[in-house]
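In what follows, a single structure is set out as structure tokens and then discussed.
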Amino acid sequence: MPEVRLDLSNPSSQLLEVQITLAPRSGSWLLSLPGWTPGSYLMRDYVRQLERLQVFEGSRELALERLTPSQWRVLGGAAAPAEPITIRYAILATELTVRTCHLSTDHGFLALAAVVLQVEGERWSPHRLELLLPLGWQPFVPLPSSPAGGWLARDYDQLIDSPVEAGPHPCHDFSVAGVAHRWVTCGDDLPAQDERWLADVAAVCLACCRLIGEAAPAAPSYLFILHLIDQGYGGLEHLDSTVLLYGRQALARPEGRRKLLQLVAHEYLHQWNVRRLRPAQLSPIDYDRPSVIPTLWFAEGVTSYVDQFLPLAAGLGSEAELLEDLGGDLSRYLLTPGRRIQSLRQSSEEAWVKLYRQDAHSGDNQISYYLKGAVLALVLDLHLRRHGSWLGAVLQQLWSTLGRQRRGYSEQDLIRAFAGPAPDLSTLLPLWLNSTEDPPIEAYLADLGLRVVAEPGDGWFTGLQLEPAEDRSLRLRRVERHSPAQLAGLEVGDELIAVNGQRLSRVEAWPAVIRLGGSEPPLLRLLIARQQLIKEHELQAAPPRPQRYSLQVDPEAAPACGARRSRWARLQP
């Protein structure tokens, strides 16, 4: 059994010292470090942070042959080693996200996929984990205790799916349907500041259970880790835990607490949808290379749709707040031109090379499978309700037939599940997945007495967005495809110097330039610098376009729509 010791006792170095001891079964074997962590579909090349790798048989150092950047062959001879093997190396831990490692004098956080080498032949063996911590620090690990001390994972997969937090943090215990839960905050102690917090989290967790048709969570125990920082947002699901990252500035806003509860709901629901009810391509997981997963729209999009409902289903919030949040999603979707270029299925398949690698042009050539997946989930939910069913019934059926048995699902499994209560979805769902046209959103919202309302922009449309650069110049941050700015020959990165002969030095001055006035869009003469060369471009502005969309109750809707809307908003059939 591999025994993994992680030494965090020198946090100011930001170096994590790793030691793995074991008795290999042969003289020549492989070591490899995962290239990514499940739930975050990007090859992260964690080996970048690994240094000083050495392997010893007793006191004798063994030779290593590097086969790939993240894989080595240990050359020990033909026979199995006579003495135990010790593997030593260090990991640089300087990046605080939910999928990387960070060690400082304040705390340590470890995404173990970025830390623990996989030893050939030991993937399905138990692994024991031990931590060496600074004085006064406490460990928080979602693994059962080992009789020999530390923690015991049933195999390598469970080990690296277990995030580690350590530090002088208070831990708050609570239960959900009799299952033990822990809440740990690095930053401020949120439950101490918000006396209702743990009760509201527990209520949201119970709402997740009800949605999936279960009386209790799937996990035998559960750990929440929250990194509360100045600015930031993120979450990563694990089998029996989750790691959340949230900004204090966001939490201080009127909607901040509600949005954090939605993030809690999203990651908590993943213990069913994604972790146990998972795409077939993730059974088992290939840690060395990307797998094309055409069903990420279901794994993330459906979860993103219902996470906004779960606080309300738990008795928290209001229908008006739900409509505000859903309207925000619909607005972002309708204002993303890339939805006309990339289908939802393509978005899922191209996650590894597009969604997590955003640039100035991403909005023009792609659409998030989180975002469009949530929009499609809305349409599917309302379509199913026309047929006497609802989205929750499909989730429950998939969980009972596939998730409980840990059978990975295919796209065809999902289509069959949706078409069960609504046979026409066997044709409609593949069409919606592969089309770059919008699904009929407004027609379905009308069933609930809702409508999407466009809010017109207050300026002429140019298709360019500005940002201040480090040298205090103004740069073009975005040039929308087929917009007046692109037709004028402008490019991302151009420095905007003057407009119509007047110097422009602040981003805040731009709205005055394009403010509506007169009956016709103006012709703008822009003086720019590109590669230190001065150029002049003429930009013919266009009529205003919607600057946002909102979701509103239609005052002329039939009374029956209100009752349907109330059941829908509370995740009731």
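Would you call Ala351 free of Cβ contacts under 8 Å to residues at least 60 places away in the same chain, over 30 Å from Asp494 (Cβ atoms) and open to solvent by less than 30 Å² (accessible area, probe 1.4 Å)? Walk me through it before giving the result.
Numbers: free of Cβ contacts under 8 Å to residues at least 60 places away in the same chain: no; over 30 Å from Asp494 (Cβ atoms): yes; open to solvent by less than 30 Å² (accessible area, probe 1.4 Å): yes.
Taking the combined requirement at face value, the residue does not satisfy it.
Specify the residue that is surrounded by the most Cβ atoms within 10 Å (Cβ to Cβ); the eligible residues are those in region 40-54 that are of a type outside the set (A, V, I, L, M) and in a strand (DSSP E or B). So that I can check it myself, show each step before the final result.
Narrowing region 40-54 to residues of a type outside the set (A, V, I, L, M): 40-41, 44-46, 48-49, 51-52, 54.
Now narrow it down to the ones that are in a strand (DSSP E or B): 40, 51-52, 54.
On the way: Ser40: 18, Glu51: 11, Arg52: 11, Gln54: 11.
Selected residue: Ser40.
Going by the structure shown, is Glu130 open to solvent by less than 30 Å² (accessible area, probe 1.4 Å), acidic (Asp, Glu), at pLDDT 95 or above and closer than 21 Å to Ser9 by Cβ? Write out each step before concluding.
On the way: open to solvent by less than 30 Å² (accessible area, probe 1.4 Å): no; acidic (Asp, Glu): yes; at pLDDT 95 or above: yes; closer than 21 Å to Ser9 by Cβ: yes.
It is false that Glu130 is open to solvent by less than 30 Å² (accessible area, probe 1.4 Å), acidic (Asp, Glu), at pLDDT 95 or above and closer than 21 Å to Ser9 by Cβ.
Please find, among Gln271, Gln193, the residue that is farther than 30 Å from Pro34 by Cβ and among the polar types (S, T, N, Q).
On the way: Gln271 fails: farther than 30 Å from Pro34 by Cβ.
Result: Gln193 is the single residue among Gln271, Gln193 that is farther than 30 Å from Pro34 by Cβ and among the polar types (S, T, N, Q).
Scan region 422-437 for residues that are open to solvent by less than 50 Å² (accessible area, probe 1.4 Å), in contact with a helix residue (DSSP H, G or I) (Cβ under 7 Å, 6 or more places away or on another chain) and of a type outside the set (Val, Ile, Thr) and report the count.
Pass one, region 422-437, residues open to solvent by less than 50 Å² (accessible area, probe 1.4 Å): 422, 425, 428-430, 432-433, 435-436.
Those left that are additionally in contact with a helix residue (DSSP H, G or I) (Cβ under 7 Å, 6 or more places away or on another chain): 422, 425, 429-430, 432-433, 436.
Next, only the ones that are of a type outside the set (Val, Ile, Thr) stay: 422, 425, 429-430, 432-433.
Residues that pass the stated criteria total 6.
Pick out the one residue from Arg416, Arg406, Arg478, Arg386 that is charged (D, E, K, R) and open to solvent by less than 50 Å² (accessible area, probe 1.4 Å). Please lay out each step first, then the result.
Working: Arg416 fails: open to solvent by less than 50 Å² (accessible area, probe 1.4 Å); Arg406 fails: open to solvent by less than 50 Å² (accessible area, probe 1.4 Å); Arg386 fails: open to solvent by less than 50 Å² (accessible area, probe 1.4 Å).
When all the criteria are applied, what remains is Arg478.
What about Arg60, is it open to solvent by 80 Å² or more (accessible area, probe 1.4 Å), within 20 Å of Glu3 (Cα to Cα) and out of contact with any Leu (no Cβ under 8 Å at 6 or more places or on another chain)?
yes
Is it true that Gln396 is within 18 Å of Asn273 (Cβ to Cβ) and without any contact (Cβ under 8 Å) to a residue 24 or more places away in the chain?
Details: within 18 Å of Asn273 (Cβ to Cβ): yes; without any contact (Cβ under 8 Å) to a residue 24 or more places away in the chain: no.
Spelling it out, it is not the case that Gln396 is within 18 Å of Asn273 (Cβ to Cβ) and without any contact (Cβ under 8 Å) to a residue 24 or more places away in the chain.
Could you go through region 229-245 and let me know if any residue there is surrounded by fewer than 24 Cβ atoms within 10 Å (Cβ to Cβ) and part of a helix (DSSP H, G or I).
The answer is no, given that none of the residues of region 229-245 is surrounded by fewer than 24 Cβ atoms within 10 Å (Cβ to Cβ) and part of a helix (DSSP H, G or I).
Could you tell me whether region 82-94 includes any residue that is at pLDDT below 95, open to solvent by less than 60 Å² (accessible area, probe 1.4 Å) and not basic (Lys, Arg)?
In the first step, residues of region 82-94 are kept if they are at pLDDT below 95; the result is 82-85.
Next cut, open to solvent by less than 60 Å² (accessible area, probe 1.4 Å) only: 85.
Okay, now just the ones that are also not basic (Lys, Arg), so 85.
Scanning region 82-94 turns up at least one residue that is at pLDDT below 95, open to solvent by less than 60 Å² (accessible area, probe 1.4 Å) and not basic (Lys, Arg).
Which strands (runs of 3 or more DSSP E) does region 405-502 wholly contain that include 3 or more residues that are under 30 Å from Arg564 (Cα atoms)?
Details: elements: 450-456, 464-468, 474-479, 495-499.
Where strands (runs of 3 or more DSSP E) fall fully within region 405-502 and carry at least 3 residues being under 30 Å from Arg564 (Cα atoms), they are 450-456.
Exactly one of (1) of a type outside the set (D, E, K, R); (2) surrounded by 15 or more Cβ atoms within 10 Å (Cβ to Cβ); (3) under 23 Å from Leu110 (Cα atoms) is unmet by Leu30. Its number?
The one condition Leu30 does not meet is (3).
Would you please name the residue that is farthest from Arg210 (Cα to Cα), looking only at residues in region 524-573 that are among the small types (Gly, Ala, Ser) and over 34 Å from the mean Cα position of the chain (by Cα)? First the steps, then the outcome.
Keep residues of region 524-573 that are among the small types (Gly, Ala, Ser), which gives 529, 541-542, 550, 557-558, 560, 562-563, 566, 569.
If we keep only those that are over 34 Å from the mean Cα position of the chain (by Cα) as well, we get 529, 541-542, 557-558, 560.
Details: Ala529: 59, Ala541: 52, Ala542: 50, Ala557: 30, Ala558: 30, Ala560: 26 Å.
Here the residue is Ala529.
Can you tell me how many residues within region 286-333 are among the acidic types (Asp, Glu), touching a helix residue (DSSP H, G or I) at 6+ places or on another chain (Cβ under 9 Å) and more than 20 Å from Gly39 (Cβ to Cβ)?
Filtering region 286-333 for residues among the acidic types (Asp, Glu) gives 286, 288, 300, 307, 319, 321, 324-325, 329.
Pick out the ones that are also touching a helix residue (DSSP H, G or I) at 6+ places or on another chain (Cβ under 9 Å) and you get 300, 307, 319, 321, 325, 329.
From what's left, more than 20 Å from Gly39 (Cβ to Cβ): 319, 321, 325, 329.
So the answer is 4.
Is it the case that some residue within region 261-270 is touching a strand residue (DSSP E or B) at 6+ places or on another chain (Cβ under 8 Å) and either part of a loop (DSSP other than H, G, I, E, B) or free of Cβ contacts under 8 Å to residues at least 12 places away in the same chain (or both)? Can you show your working first?
Step one: list which residues in region 261-270 are touching a strand residue (DSSP E or B) at 6+ places or on another chain (Cβ under 8 Å), which gives 263-264, 266-268, 270.
In the following step, the residues that additionally are either part of a loop (DSSP other than H, G, I, E, B) or free of Cβ contacts under 8 Å to residues at least 12 places away in the same chain (or both) were identified as 270.
Within region 261-270, one or more residues are touching a strand residue (DSSP E or B) at 6+ places or on another chain (Cβ under 8 Å) and either part of a loop (DSSP other than H, G, I, E, B) or free of Cβ contacts under 8 Å to residues at least 12 places away in the same chain (or both).
For Gly213, all conditions in the list (1) on the phi < 0 side of the Ramachandran plot; (2) touching a residue at least 40 places away in the same chain (Cβ under 8 Å) hold save one; what is the number of the exception?
(1)
The values are calculated or read from the model by the stated rules, or taken from the named source; none is laboratory data. The model shown is predicted, which means the values in this text are computed figures rather than measured ones. Because the Cβ atoms are built from the backbone with ideal geometry, glycine has one as well, and the counts that use them run over all protein chains shown. Each accessible area value is taken on the protein alone, full model and side chains, heavy atoms only, with ligands, DNA and RNA left out. Shrake-Rupley method; radii C 1.70, N 1.55, O 1.52, S 1.80 Å.
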